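Colleague: Just dropping this structure here.
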Amino acid sequence: MANIKSAKKRSIQSEKNRIRNQSRASELKTISRKFFDALDNNDLTAAKEIMQLAESKIARARGKGLLKKNTASRKISRLAKNLNKKAVSIKA
């Protein structure tokens, strides 16, 4: 443990941020899993709603520095790609 007051404060802040970031990252994984579960069950309406929520969460994580710009874009793109692919396969 640090001895200097400012170093102690930084240590406490770092731990709070680590826990917050861990929670946000877990939330992204959970919502992604829900999205793919909805697709597996051929539930397009639920998948579209979850997609919208996921897009918002990913953008928020990007804004907070949890994800890099291209990573966030890639994740959103892959979700949209899977949604569109499933929509086409159901209609066909």
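What follows draws every value from the coordinates through simple rules; no lab data is involved. Worth saying up front: this structure is predicted, and the values here are computed from it rather than measured. Please note: Cβ atoms are built from the backbone with ideal geometry, for glycine as well, and neighbour counts cover all protein chains shown.
Colleague: Quick one: Cα centre-to-centre distance for region 32-92 and region 1-18, in angstrom?
Modeller: Between the Cα centres of region 32-92 and region 1-18 lies a distance of 36 Å.
Colleague: Same structure, new question: Can you work out the FRET efficiency for the pair residue 17 and residue 76, with r the C-beta to C-beta distance and R0 = 22 Å, to the nearest 0.05? Mind showing how you got there, number by number?
Modeller: Details: r = 24 Å, r/R0 = 1.10.
After rounding, the FRET efficiency stands at 0.35.
Colleague: While we're here: Can you give the charge dipole size of the chain about its Cα centre, rounded to the nearest 20 debye, using +1 on the beta carbon of Lys and Arg and -1 on the beta carbon of Asp and Glu?
Modeller: Using Cβ point charges on Lys, Arg, Asp and Glu, the chain gives about 680 debye.
Colleague: Among residues other than residue 30 whose Cβ falls under 14 Å from its Cβ, what is the net charge (Lys/Arg +1, Asp/Glu -1)?
Modeller: Its environment carries a net charge of +4.
Colleague: Calculated from DSSP H runs of 4 or more alone, at -39500 (n - 2.57) each and per residue, what is the 222 nm mean residue ellipticity of the chain, nearest 500?
Modeller: Only helices count here, giving -30500 deg cm²/dmol.
Colleague: When we measure straight from the Cα of residue 85, which lysines land under 30 angstrom away, once same-chain ones fewer than 8 places off are left out?
Modeller: Of all the lysines, those that pass the test against residue 85 - Cα under 30 Å, at least 8 places apart if same chain - are 29, 34, 48, 57, 68, 69, 75.
Colleague: Moving on to the next point. Mind checking which of 75, 57, 16 has the largest fluctuation in a GNM of the chain, springs on alpha carbons under 10 Å?
Modeller: In this elastic network of the chain, the residue with the biggest mean-square fluctuation among 75, 57, 16 is 16.
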